[in-house]
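Contents: one structure, followed by commentary.
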Amino acid sequence: MTQAVLSPFQDLGLRPELLRALEEMGYEQPTEIQAAVIPVMQAGRDVMGQAQTGTGKTAAFGIPLVEAVDCESSAVQALVLAPTRELALQISAELRALARFRPLAVATIYGGSSMGDQITALEKGAQIVVGTPGRILDHLGRRTLRLDVVRRLILDEADRMLDMGFMPDVERIVRRVPRDRQTALFSATMPLVIRRLAARYMRSPEHIVVNPEAPTVAQVDQVYYEVAERDKLAGLCHLLDTEQPAQAILFCHTQMTVDWLNRGLRKAGYKADAIHGGLSQGQRERILQDFRAGQLRFLVATNVASRGLDIPEVSHVINFDIPEDAETYVHRIGRTARAGRDGKAVTFVAECDTDAWRDIRKLTGEAIREERLPFYS
């Protein structure tokens, strides 16, 4: 596991054009993840980078990409996969800023925008393509995008792509990229599915961990209930009636459970809605806007909502299904106690969850107290 040693960008042996771009962007010294990732990618090695949003990971992979591109060729040489349109646009903007003094082009490909404009951008020649998995597959199907000379593949926010149901698409794309490539995968958490993906498609990757989310959320009151699977909905309704949360996010493992629980809550008279990767971007944005505006008290979600959702009024996080690992638990409960407020995290532990819950408690090191539902007293 690499530990970064911070030094000026000049010490990384970058092209003068890239150093000039970094200076104009106001970058004086690499962040921790940039100092760790850039030399590894310069050496041609695969990378698994574990870092939160805001640590500078886009430039961490963007600087080596812009540095390595052969501007004499107009073929696609690097592919960056991102889970959302917003992230794809953000990555593209940073890559273009880094490349402002190099004659290379970046094409951004995502759903909801003109296919014709994207085809035109690809026909003109783009050495770097940034896109969402579904639209990338659309172009591959139309043969408007070729990946046969791609030498660098980046998977950004891989855990979000997993949560949004993109992993089968991601694997289809990865299999279309030449095997003699360099692969870099970035993710805030490393669940088992992501580690298996890395084992299948990466070559002895360097695992770099930077600024992991703090294992303690001091303002969060953490409790758990042992409850039979069949009693979870009744237990949840009792909890909502007695606790009266201002707003709560309820996490489930699967889209099917999210939809089932949302229907159950609405039938019981609660103002709830659901968000998961099976919804369109527009649907998710509308539901989140309703939640932010206070028109919904309860948001039922898969892990797609466990990060990047900063709503100070969320008083409770309820793990209707226990998280798959300690990192996911920390991310979920971090959606409450925002902006200095107190918050409460509740976890339901069913019959089959005992071993997994024991592992989560051991790894988080948290003093999570047990409470009992009245029908078990």
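Just so it is clear, none of the values below were taken in a lab; they were calculated from the coordinates. Predicted model, so just to flag it, every value in this text is computed and none were measured. Glycine also receives a Cβ, built like all others from the backbone with ideal geometry; neighbour counts cover every protein chain displayed.
Of the candidates L155, L299, L363, which one comes out as most mobile in a Gaussian network treatment of the chain with C-alpha springs shorter than 10 Å?
Among L155, L299, L363, the largest mean-square fluctuation in the Gaussian network model of the chain belongs to L363.
Work out the length of the dipole vector of region 9-209 about its Cα centre, built from +1 on the beta-carbon of each Lys and Arg and -1 on the beta-carbon of each Asp and Glu, and round it to the nearest 20 debye.
Charge dipole, region 9-209, about its Cα centre: 760 debye, nearest 20.
All other residues with a Cβ under 11 Å from the Cβ of P39 taken together, and with Lys, Arg as +1 and Asp, Glu as -1, what is their net charge?
-1
For region 220-376, what is the relative contact order in percent, using Cα pairs closer than 8 Å and at least 6 residues apart in sequence?
Result for region 220-376 is 35 percent.
Counting other Cβ atoms within 10 Å of each Cβ, which trypsin sites (Lys or Arg not before Pro) in region 177-283 have at most 15 and sit in a DSSP loop?
The qualifying sites are R179, R203, K271.
Given axes a ≥ b ≥ c from the Cα gyration tensor, I'd like to know whether region 163-264 is rounded (a/c under 1.5), prolate (a/b larger than b/c) or oblate.
Prolate, because a/c is 1.5 or more and a/b exceeds b/c.
Count the net charge of all other residues whose Cβ sits under 10 Å from the Cβ of F186, scoring Lys and Arg as +1 and Asp and Glu as -1.
-2
Over region 140-275, what is the relative contact order in whole percent, taking alpha-carbon pairs under 8 Å and six or more residues apart?
Rounded, it is 18 percent for region 140-275.
Is it possible to state the helix-based mean residue ellipticity at 222 nm for the chain, with each DSSP H run of 4+ residues giving -39500 (n - 2.57), the sum divided by total residues, to the nearest 500 deg cm²/dmol? What is it?
-11500 deg cm²/dmol
Enumerate the aspartates and glutamates that K267 could reach by cross-link, defined here as Cα to Cα under 14 Å, with residues fewer than 8 away along the same chain left out.
Correct list for K267: D259.
Let me check I've understood the local charge: for Q127, count other residues with C-beta under 15 angstrom from its C-beta, Lys and Arg +1, Asp and Glu -1. What total comes out?
Net charge in that neighbourhood comes out at +3.
Using unit Cβ charges (K, R positive; D, E negative) and no other charged atoms, how large, in debye to the nearest 20, is the dipole of the chain about its Cα centre?
Computed charge dipole of the chain: roughly 960 debye.
Projected onto the charge dipole of the chain (+1 at Lys/Arg Cβ, -1 at Asp/Glu Cβ, origin at the Cα centre), which of V209, L122, P245 gives the Cα projection farthest towards the positive end?
L122
Among all the lysines, which ones have a C-alpha under 26 Å from K271's C-alpha, if same-chain residues fewer than 8 places away are not counted?
Leaving aside lysines fewer than 8 places away in the same chain, those within reach of K271 are K232, K344.
Quick one: compute the contact order of region 9-209, relative version, from alpha carbon pairs under 8 angstrom and 6+ residues apart, as a percent.
Once divided by the residue count of region 9-209, the mean separation gives 29 percent.
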